[in-house]
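Some notes on the structure that comes next.
Since every read-out is calculated from the coordinates, none of them should be taken as a lab result. Please read all numbers here as calculations on a predicted model, not as lab measurements. Note that each Cβ is placed from the backbone with ideal geometry, even for glycine, and that neighbours are counted across all protein chains shown.
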Amino acid sequence: MSESVDPAELLRRVLGDLDAARCRAMESMDMLDRLAVDGVPVSRTSDVVRVIEGKVRIREALQAASVSCTGELVTVQPDGIRPADVLQEGLARDREMAGRGVRIRTLYTHVVRHGLGVQAYFEQVGGGAEARTLEEVPERLVMFDRTVAFIPASADRSAALELRHPALIAYIGLVFERLWRTAVPLGETLSHRTAVEGVSMREHSVASLLAEGHTDAEIAKRLGISVRTCRHHVSKLAEALGSTTRTQLGVRIAQTGLGRPPGITAPGPESPTGR
């Protein structure tokens, strides 16, 4: 009998695998740079992996790939609410692609639901454009026709990897599909209920990341929110769980089962207030 895996746990595993793969790619780039400094001739370009440096060149490569795309565009956008100018920049391209039958699917964090821009954007694109949301998603991804994918190669996204290796593309496609199946369509209402009274689903996500030892800044980045908003959620968590210090908050999170990702419940959690 096969092991049953909770969707939330599967999501965490997939996110970890994808982040680890991205880190290995960035480490490989650093090694190439060190070899170049040492005078060893190296190539940062191959038939299956190409390093693109500079945001203008990255946009040009994306535009060229979009022109030749005939079937499918999938993207992951991790940065929370999308600015209007960023959405407007890609609107003409995506409308043109949707108009010639390209299916467009995008994953965002749940926080985009607090803005009107993404919903309006997909209404304007029309055609086969769809969006779904998750509490957290991996780094940015743009993939065309399951033949070429672009991922960041630097923290500030001033460099990108253009990937054409069939095995890499197949793996990225599998990761996307697993995330897509667990995501909530943009037009559906999210559940805001948790097992602990006074704690929202967002605060549960913050609690689970706190339990993993992440800082406020790291949590904010993963959830697509500001550090200030993250700290507000931490404050509300402390109030709901009756804790007055960060250490005590960690104990309360463990006692209530909030240290587990949303969707994974703890066996018999104690009441945080002792009632």
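One table, with the values for the structure above:
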quantity: Modelled FRET efficiency - R0 25 Å, Arg181 with Arg146, Cβ distances, 0.05 increments; calculated: 0.90
quantity: Viscosity 1.306 mPa s, 10 °C: Kirkwood-radius Stokes-Einstein D of region 83-123 over Cα pairs, µm²/s; calculated: 143
quantity: Val67 versus Arg113: modelled label distance in nm, points set 7 Å from Cα along the beta carbon direction; calculated: 4.0
quantity: Overall form of region 105-222 per C-alpha gyration tensor (a/c, 1.5; a/b vs b/c); calculated: oblate
